[in-house]
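Reading through the structure tokens given below for one structure.
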Amino acid sequence: MNKLPNQDEHGGDTTPTRITIDPQVVFTQREIGGQVSAVAHHAAIDKFFQLGQEEYHVAQMLDGKRTLSEITQILQAEGSDWTPQETAKFIAKLVAVRLAHPVESYDEAKSTSASNEAQNPASQNPKVRIAKGLSLLISQRIPLFPGDPVAAYLSRKIGRLFSTPGTCWSVLFIASGLILMAANATEFAAEIRRMFDASIWIALIGMWVMTKAIHEFGHATAARYHGVRVGNMGVMFFLFAPLAFVDVTGAWKLRNRFSRIQIALAGVYFELIIAAASAWAWWLLPDGLLRHLAAQLFVVAGPATMLVNANPLLRLDGYYVLSDLIEVPNLRMHGRRQLAGWLDQVLFKIQPQRPFLHGWRKKLATVHAACSVVFQAIWMGGLILGVSFWAHGLGIFIAAAAILLWVLLPLTRWVHRIWTMDGDEPWTLNFRRLRLLSYSTLLAVCCTFFFVGSSPFARRVPVIVQFHEEQIARASADAFVHAVLVIPGQRVTEGDLLLEMQDQELILKRDEKASELKVAELRAIQFRRQGELSLSATETENAKGLQRQVSELDEQLAGLQVISERDGVVRGIDLESLTGQFVKRGQELLRVSDPLEKELLVSVAESDIQAYQTANTSGLPAEVRLRGGTRFTTVPATLRPRARRSLPHPALAATAGGPLAVEQTSDERAETVQVIEARMQSFTPLDPVTSTQIHCGQIGVMTIQDNRSLLTRLVAWCKNE
């Protein structure tokens, strides 16, 4: 449904004296919400316009005989609250969209082209031409073929889907597919995580094009099933994205609103049938590429189309369904008009225009307009950023054109209307102009802060609590534990003997190597005295190798006695039961640490390094929040100079419930994981009081000030998403 444009910003009487409705315009009356309205169909241009009860009444008086003043007098005599300015503005709208034209009382020989220009002077406005050019840059519509023959064929073949039995069976089939996916949500979620795999992008694009073509065939089939003539079918490009379209504007002729709703929902209806079929295919197919593609087709034809096409906040199928359900034609036009009037009243104390809606419909339309404006700002903003990142230079140019068309031009028109509303001298500051300047200054300050000022939000880096300089005693060799000389919780000092182990085989091996070393040294001396220098050199090298082995064995033997390397408290699990047990080399035996000396292991990503270093050099305390609700402040320590991909702590891995994404290492024998992106570390000591209040292994976040602007933060967030 087309909205009647406003050609008169000031509400002045710019309409010719006598106006008549075009003979090719046919009005069809219908009752909507207890009020009579009319659909105007212009056969020559094949467009439809919705008129309210009072608008239709005014249009009926345009017989080419009554003047504007006479029509105004009739309306006042009937008790209508339409002002002369509103009447003139409405008639100007009718002329602008060619539903009406002035009675030619002079210059009968005027050419048709000149007459059309006189009837539609807005087309000669340079601003209008610029806006149309920008619109073509963002969205292009290319008709390809007449849709009525195709729709007639489809209606004969599958039109029964829109009958009552066909609809019931289809709804049951769609519900079965949705229930099937819900019952296998965990397995299906694993398929969804692979949706953006670059290897299937071509297949995804093909699915998307196919489903959108079927979507439009659904509208055409439903329209033809209900006896509506289908117009052209073709393709349109919106921000480079190809979209199919079909002209079913004739659906507005239907009096039955549920028939119109069925036509509006037909595209989503067809796609949901495809989604249900894809769900069953995914369930029945064996593991492989086809099964995976079936899952992706379900997402494209099901949740994706429900989010976009069935969304009433976008002017797509869901919007028209809502408009018919609540019986408010041109819902967005009425809602945004009321929302704009409310803003004018709040900001500039401008009395709003007379509303065309009343009661709950008026409130619902206003709420819908507010929600749609917010949603579309976020939605279109995301699309603009996506196009600018994807297409680089050309994308930035398209994004600038979209901002100019959707934001700057409407804002300029609104400012011009407010500035010129009172008709004062151009530079005379009245009440509304002062307010406009105040709001503009506030907006400029906010924009400056958005583009330049530091973000008021914070960054969060993961942390984990651990003991400071903790000693972890491990077995230096395969051995039996001979004696455990301490118990858990016992305080020890540096140099205390903690545990003894024995390995007779290690002792024998050491003695054998020592004997071999002594023999090699003697043989080297003997060969040298006999003049066999080459043999002497060989034995000397052999003696050196044996010496290294003996030294290593001596270290292992020395390690059989575990000595405390620091003052602290002994910690370990079942230390008493270790006596007599066999332990392998590298196995953890016990730990020595001080409960009053804990530290934070901070893992910093590359994008947070600069902000963290700024927090470190400022010397200001940063807040730390641990899981469980514990909060405290500490000064961030200096980062270690090297970035690593090794996992800083096992508890930080996402596989263990931590915040860091990890992946399997290339060494399958090691069976370890590493972080996906290299990270730097710092170790921040904690004071004794804080150390007693927290526990080792607690995971949390450190909050540091964000050093980016709001715009930079938004762009970084979009790239990560």
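The values are calculated or read from the model by the stated rules, or taken from the named source; none is laboratory data. Given the structure is predicted, the values throughout are model-derived calculations rather than measurements. Neighbour counts are summed over all protein chains in view; Cβ atoms, including those assigned to glycine, are modelled from backbone coordinates with ideal geometry.
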inquiry  = For the stretch 443-468, give me each residue that is assigned to a loop (DSSP other than H, G, I, E, B) and in contact with a strand residue (DSSP E or B) (Cβ under 8 Å, 6 or more places away or on another chain).
reply    = V452, G453, S455, H468
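Conditions tested, residue by residue: (1) of a type in the set (S, T, Y); (2) in the same structural domain as F683 (by TED's automatic domain parsing); (3) in contact with a strand residue (DSSP E or B) (Cβ under 6 Å, 6 or more places away or on another chain); (4) modelled with pLDDT under 90.
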| position | (1), (2), (3), (4) |
| --- | --- |
| R523 | no, no, no, yes |
| L533 | no, no, no, yes |
| S564 | yes, no, yes, no |
| L578 | no, no, yes, yes |
| S603 | yes, yes, yes, no |
| P621 | no, yes, yes, yes |
message = Please determine whether any residue of the stretch 329-350 is touching a strand residue (DSSP E or B) at 6+ places or on another chain (Cβ under 7 Å) and at pLDDT below 85.
response = yes
query = Do we find a residue being in contact (Cβ under 8 Å) with a residue 12 or more places away in the chain and over 30 Å from L626 (Cβ atoms) anywhere in the stretch 457-475?
reply = yes
query = Among the residues of the stretch 501-517, is any surrounded by fewer than 13 Cβ atoms within 10 Å (Cβ to Cβ), assigned to a helix (DSSP H, G or I), basic (K, R) and assigned by TED's automatic domain parsing to the domain that holds V486?
reply = no
request  = Check T493 against each of (1) over 20 Å from Q471 (Cβ atoms); (2) hydroxyl-bearing (S, T, Y); (3) exposed (fewer than 14 other Cβ atoms within 10 Å of the Cβ) and name the one condition it does not meet.
outcome  = (1)
message = Which residue is farthest from V701 (Cα to Cα), if the candidates are limited to the stretch 620-653 and must be among the hydroxyl-bearing types (S, T, Y) and assigned to a strand (DSSP E or B)?
response = S646
query = Looking at the stretch 424-446, which of the residues that are over 30 Å from G381 (Cβ atoms) and free of Cβ contacts under 8 Å to residues at least 12 places away in the same chain is nearest to the chain's Cα centre (by Cα)?
reply = L434
query = What number of residues in the stretch 206-224 are over 11 Å from I158 (Cβ atoms) and of a type in the set (S, T, N, Q)?
reply = 1
Hey, T617 surrounded by fewer than 19 Cβ atoms within 10 Å (Cβ to Cβ) and either among the small types (G, A, S) or in a loop (DSSP other than H, G, I, E, B) (or both) or not = no
task = Could you tell me which residue of the stretch 345-365 is farthest from the chain's Cα centre (by Cα), considering only residues that are in a helix (DSSP H, G or I) and touching a residue at least 24 places away in the same chain (Cβ under 8 Å)?
result = F348
remark   = Pairs returned, first residue in the stretch 143-156 that is acidic (D, E), second residue that is surrounded by 17 or more Cβ atoms within 10 Å (Cβ to Cβ) and not in a helix (DSSP H, G or I), beta-carbon separation under 8 angstrom, 6 or more apart or interchain, are D148/R229; D148/V230; D148/G231
ask   = If you go through the stretch 526-563 one residue at a time, how many are within 30 Å of V486 (Cα to Cα), out of contact with any helix residue (DSSP H, G or I) (no Cβ under 8 Å at 6 or more places or on another chain) and part of a helix (DSSP H, G or I)?
value = 5
request  = Looking for whichever is surrounded by 13 or more Cβ atoms within 10 Å (Cβ to Cβ) and not in a helix (DSSP H, G or I) here; the options are G658, G580. Which one fits?
outcome  = G658
query = Of all helices (runs of 4 or more DSSP H) completely enclosed by the stretch 243-333, which ones contain at least 1 residues that are surrounded by fewer than 18 Cβ atoms within 10 Å (Cβ to Cβ) and free of Cβ contacts under 8 Å to residues at least 12 places away in the same chain?
reply = 257-284, 289-301, 303-308
ask   = Which residue, of I142, I205, is closer than 30 Å to A400 by Cα, in a helix (DSSP H, G or I), assigned by TED's automatic domain parsing to the domain that holds A294 and at pLDDT below 85?
value = I205
